[in-house]
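Derivation of every value follows stated rules applied to the coordinates shown; laboratory data play no part. All of these numbers come straight from a predicted model, not from anything done at the bench. Virtual Cβ from ideal backbone geometry, glycine too; neighbours counted across all protein chains shown.
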Amino acid sequence: DQQVKQNSPSLSVQEGRISILNCDYTNSMFDYFLWYKKYPAEGPTFLISISSIKDKNEDGRFTVFLNKSAKHLSLHIVPSQPGDSAVYFCAARLGSARQLTFGSGTQLTVLP
Amino acid sequence: DAEITQSPRHKITETGRQVTLACHQTWNHNNMFWYRQDLGHGLRLIHYSYGVHDTNKGEVSDGYSVSRSNTEDLPLTLESAASSQTSVYFCASSPGGVGYTFGSGTRLTVV
């Protein structure tokens with residue numbers, strides 16, 4: 001059973017608009033959440049993270065929101081740019097474990 | 001510059017053959033991980049290691065093995081390749097915490 005779920009396999013947005021990528025999790029013991037970005041033929045690269053003690057973290061155009069009661073996090077990209085077109089993976093860490101559990105990914109396409 | 005490299009980038013093998021995928025990192029990270037990426041499943045953990053001579057099974061470890069004889073390398077072996085193991089394999093390392101650095105991946109096709 002997937003503990004980290006990304007229910008939208010794909011998302012298309014217009015350049016300059018907001019992209020919102022969603023992620024749900026089932027294990028309330030997850031204490032750290034991350035977003036990774038992956039271009040074709042490359043490995044995933046770290047984008048932004050958030051600790052479970054926070055509800056928002058911002059880095060430039062990227063903001064991650066965490067709603068612990070709903071076991072939901074989201075990644076907002078504002079404004080979206082064509083170079084943001086990639087697969088985005090949500091990931092979570094369980095307490096002191098050093099391995100991450102990943103979601104299935106969302107393919108974001110930003111249309112010029 | 002420190003890096004993490006995977007080889008080969010592409011591999012085609014026959015069912016039943018033993019295959020080894022290499023992962024080498026020069027970050028001096030203690031933690032190393034192997035994931036496979038499949039459509040609809042995202043990245044699933046195969047094996048991981050917290051240091052030399054330490055190895056642990058992940059979510060989808062059946063049919064795979066790893067060994068860690070030094071800090072830099074964590075080779076992944078498919079004992080008897082099966083078509084279900086056709087996938088893209090990613091190696092990652094981290095110093096601790098959650099700061100993963102991924103390799104560029106190995107695309108394996110089992111025919």
Q) So who's got an amide H within less than 5 Å of the one on B:Thr86, skipping anything under 5 residues away but keeping other chains? H placed 1.01 Å off N, in plane. A) B:Val110
Q: May I ask you to derive the FRET efficiency for B:Val52 and A:Thr26 from their Cβ-Cβ distance with R0 = 30 Å, giving the value to the nearest 0.05?
A: 0.30
Q: Read phi for every residue in the stretch B:6-13 and hand back ³J(HN,Hα) as whole Hz from Karplus 6.51 cos²θ - 1.76 cosθ + 1.60, θ = phi - 60°, with x for Gly and Pro.
A: 10, 8, x, 6, 9, 8, 10, 9
Q: Place +1 on the Cβ of every Lys and Arg and -1 on the Cβ of every Asp and Glu in the protein assembly as shown, take the dipole about the Cα centre, and give the residue among B:Gly16, B:Ser49, A:Phe46 whose Cα lies farthest towards its positive end.
A: A:Phe46
Q | Simple label model, 7 Å out from Cα along Cβ direction - B:Asp1 to A:Ser12, nm | A | 3.5 nm
Q) Can you give me the pair-distance distribution of the stretch B:44-84, C-alpha pairs, 5 Å bins, whole percents? A) 6, 25, 30, 23, 11, 5, 0
Q. In nm, what is the difference between 0.36 nm times the number of residues separating B:Thr26 and B:Ile12 and their Cα-Cα distance?
A. 2.3 nm
Q. Just how far, in whole angstrom, is the stretch A:43-60 from the stretch B:46-78 if you go by their alpha carbon centroids?
A. 28 Å
Q) In nm, what is the difference between 0.36 nm times the number of residues separating A:Ser96 and A:Val78 and their Cα-Cα distance? A) 3.2 nm
**Q.** Rounded to the nearest 20 debye, dipole of the protein assembly as shown from Cβ charges on Lys, Arg, Asp, Glu
**A.** 280 debye
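From Cα pairs below 8 angstrom and at least 6 apart in sequence, can you work out the relative contact order of chain A, rounded to a whole percent?
Once normalised by length, the contact order is 37 percent.
Translational D (Stokes-Einstein, µm²/s) of the protein assembly as shown at 25 °C and 0.890 mPa s when Rh comes from the Kirkwood sum over C-alpha pairs?
Values: Rh = 17.9 Å.
In µm²/s, the coefficient rounds to 137.
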(Q) So for chain B, averaging the separation of alpha carbon pairs under 8 Å that are six or more residues apart and normalising by length, what relative contact order in percent results? (A) 35 percent
Q: Quick one: grab the alpha carbon gyration tensor of the stretch A:40-112, order the square roots of its eigenvalues as a ≥ b ≥ c, and give me rounded if a/c is under 1.5, else prolate or oblate depending on whether a/b is larger than b/c.
A: oblate
Q: At a Cα cut-off below 14 Å, give the aspartates and glutamates reachable from A:Lys71, other chains included and same-chain residues fewer than 8 away excluded.
A: A:Asp24, A:Asp31, A:Asp55
Q) Label points 7 Å out from Cα along the Cβ direction at A:Lys56 and B:Ser67: separation in nm? A) 5.3 nm
Q) How about A:Lys68: which lysines have a C-alpha closer than 22 Å to its C-alpha, ignoring those fewer than 8 places off in the same chain? A) A:Lys5, A:Lys54, A:Lys56
Q: Step through the residues of the stretch B:69-75 one at a time and calculate ³J(HN,Hα) from phi using the Karplus curve (6.51 cos²θ - 1.76 cosθ + 1.60, θ = phi - 60°), rounding each to whole Hz and writing x for Gly and Pro.
A: 9, 8, 6, 7, 10, 9, x
